[in-house]
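Notes to accompany the following structure.
The values are calculated or read from the model by the stated rules, or taken from the named source; none is laboratory data. This is a predicted model, so every value here is computed, not measured. Reconstructed Cβ throughout: ideal geometry from the backbone, glycine too, with neighbour counts over all protein chains shown. Just the protein is used for accessible areas: all its heavy atoms, side chains included, with ligands, DNA and RNA removed. Shrake-Rupley method; radii C 1.70, N 1.55, O 1.52, S 1.80 Å.
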Amino acid sequence: LVCRVLQLMDLTDAQLPQRGNEHLDLALIGFFEQFRKIYIGEMIHKSTQVYRMLGERLGLNDETTVLNVIVRKIVTNLKLWTRSRSITIRTLQLLQDLSVGFTSVRKLVKLESIQFILDNHTSEQFPFLSIAALQVDMRCRTMFYTALGRLLLVELREDEEKLRQFMSPITSILEQLQSLMSTPQQLVSEQEIKHMVVGCTRDLRGILIACNTKQSYVMFFDWFYPTYIPIFLDALRLWYLDPFVTSPTLKLMAELAQNRSQRLMFDVTSPKGVLLFREASKTIVTYGTCILSLNDVPESEVYARKLKG
C-alpha cells in the first residue's frame, strides 16, 4: 500500500501545476503524517518490514531515503500549491513535526533538498512568502521559519557567517524597510510596506522560537540589535491603530524577551540583559502612549482600536 501511494504521488506531482486535486494532496500529506509517527523517529525499530519492501520495489532502503521523498513533496507543495491555504498549512505542519525529532532532524539537515530550502527561502522559490500573499497566509511564515530555525541550529554552533547567510533574504527586506520608512516613496504603497513589516515580524518570531539555547539567542540578538529593532518601534508608532501590524510586532518583541529554556542567562559582564530590558520598555511605552492618546472611542470599537493590538 505504501509503495502504491508513493507511485501515485509521483504521477500527480508530474501534472502540477496545470492539473492537481486538492483533496488528493491533502490525503497524501495525511498519509505522510501517519507514516512519520509509525516508521520515522527515535523509538522506531529500523529493521521493520516496510523498509525492506520499499527497498525491493522503489529503492528506498532506509529512513533517510524516505525522508528525502517526504521533503521533496514538501518543497513541491510549498512551490506549487500556494493557492490552497489548507495544503500550505498542513505541509508546513508536517515540516515542523519532522524538525522536532532528535534523530530525524540530524538526518534531514544532510539532505540536499533541505539545504536547498535553507539556502533559498525567498518569495521567488516559495510564493507564500511574497507580500502579495493573502493576509491569512502570513501566519504560515512563523511555522515555516520555526522549522527552518531548528534545522539551521543543528550544525550552526558559533558560525556567525552561516547565520548571516541564512538571514540574508530577511536582511535585504529590512534594509528596504529602513529606506522606505525614512523616506517614503510613491512607488511603494503604504499597504505593501505594512505587509513587508508583518512578514519580517512573523519570520523573525519563528526563528526566535527555534533559538532555545543561550548561544543561538545571543547570535540572533547581536544580528538584530541595534540595527533592525528600530524598524519595529517605528511601525508601532506609525500604525498603532492597525492590529494587522501591531499584533505580530508585539508578539515578536514578547518572544525576544521570553526566557525560553533559560536562554536569557547572560554573563555577569554582558550588557545584553539591560539592553533587552530597555528595548522591551521602549516597545511598551511607545505603543501604550499611542493607544492612551485615543479619546472618545465608541464602546463598540474599544476592542478593535485599543485592546486587540
message: Any residue that is within 25 Å of residue 138 (Cβ to Cβ) and over 23 Å from the mean Cα position of the chain (by Cα) - is there at least one of those in region 6-18?
response: yes
message: For region 42-57: of the residues being open to solvent by less than 60 Å² (accessible area, probe 1.4 Å) and closer than 18 Å to residue 7 by Cα, which is modelled with the lowest pLDDT?
response: 51
message: So residue 60 passes all but one of these: (1) open to solvent by less than 30 Å² (accessible area, probe 1.4 Å); (2) touching a helix residue (DSSP H, G or I) at 6+ places or on another chain (Cβ under 6 Å); (3) closer than 17 Å to residue 108 by Cβ; (4) modelled with pLDDT of 90 or more. Which condition number does it fail?
response: (4)
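Residue-by-condition table, conditions (1) surrounded by fewer than 20 Cβ atoms within 10 Å (Cβ to Cβ); (2) free of Cβ contacts under 8 Å to residues at least 24 places away in the same chain:
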| position | (1), (2) |
| --- | --- |
| 169 | yes, no |
| 178 | yes, no |
| 193 | no, yes |
| 197 | no, no |
| 200 | no, no |
| 205 | no, no |
| 216 | no, no |
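When only residues in region 86-102 that are of a type outside the set (A, V, I, L, M) and surrounded by fewer than 16 Cβ atoms within 10 Å (Cβ to Cβ) count, which is modelled with the lowest pLDDT?
Initially, region 86-102 is screened for residues of a type outside the set (A, V, I, L, M), giving 86, 88, 90-91, 93, 96-97, 99, 101-102.
Now restrict to residues that are surrounded by fewer than 16 Cβ atoms within 10 Å (Cβ to Cβ): 86, 93, 102.
On the way: 86: 91, 93: 95, 102: 80.
Within region 86-102, the match that is modelled with the lowest pLDDT is 102.
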- prompt: Within region 15-41, how many residues are among the acidic types (Asp, Glu) and exposed (fewer than 11 other Cβ atoms within 10 Å of the Cβ)?
  reply: 0
field: Tally, over region 242-272, of residues that are in contact (Cβ under 8 Å) with a residue 12 or more places away in the chain, among the aliphatic types (A, V, I, L, M) and over 20 Å from residue 200 (Cβ atoms)
entry: 2
